Amino acid sequence: MCIRDSPDAVATPTASGKSLAYTVPLLQRLGEKRSARALVLFPLKALANDQLAKLRKFPEAAERLADSGKYSGTTLKKLRGVAAITVRTLDGDTKESDRAAIKSEKTQLLLTNPDSLHHYLLPGYQSKKFTKTFWQHLELVVVDEAHCVVSWGSDFRPEYARLGSLRADLPGVPWLLLTATLEPSRNLLGTFS
């Protein structure tokens, strides 16, 4: 899925399906390994909510296929695994009841933004049971619209500039950087190395 020694970057035109670079293999992995966790960062709440709607269609479709009676054995097991994946968003407007569900440790795929990451997940993350377990089982971090990290950086939000430090705190966890608009002079991979 990703090279572990350095972040991978996917740069393709807008609306070309960059998210498929991680969605299909990630959902397969999360379906096979219930303890696995993944974090997807978006610069804007609207992008996270749009992706949430799309990602929730995969488990729904897998459940319909699993219930169709057309599949058995390994295929049925994989479909049931994908159908059981929990996907949630965490941002400043997330209801307390939804935050409690996220903290229940059942959320496998969490969509958030750098601000919420730094305000809700990182403070004391090594001592809190939820976040400690989440980080221990984290298998992939995806940064969508990664050019925002380089282009906006601390001028826009200081949390973007801190993502490189977070990567250093998560050795062995692959990072995938997605962008459609990156100036050739910008060093996207260097920001995360």
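Where a number appears in this text, it was derived from the coordinates with a stated rule and is not lab data. Just so we're clear, the structure is a prediction, and the values are computed from it rather than from any experiment. Backbone-built Cβ (ideal geometry, glycine too); neighbour counts: all protein chains shown.
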Inset, instruction - Highest first, please rank the peptides 65-71, 16-22, 139-145, 80-86 by the mean number of other Cβ atoms sitting within 10 Å of their residues. - result: 139-145, 80-86, 16-22, 65-71
Inset, instruction - With 19 Å as the limit, write out which pairs from K33/K77; K33/K70; K54/K77; K57/K78; K18/K103; K33/K95 have Cα-Cα distances beyond it, or answer none. - result: K33/K70; K54/K77; K18/K103; K33/K95
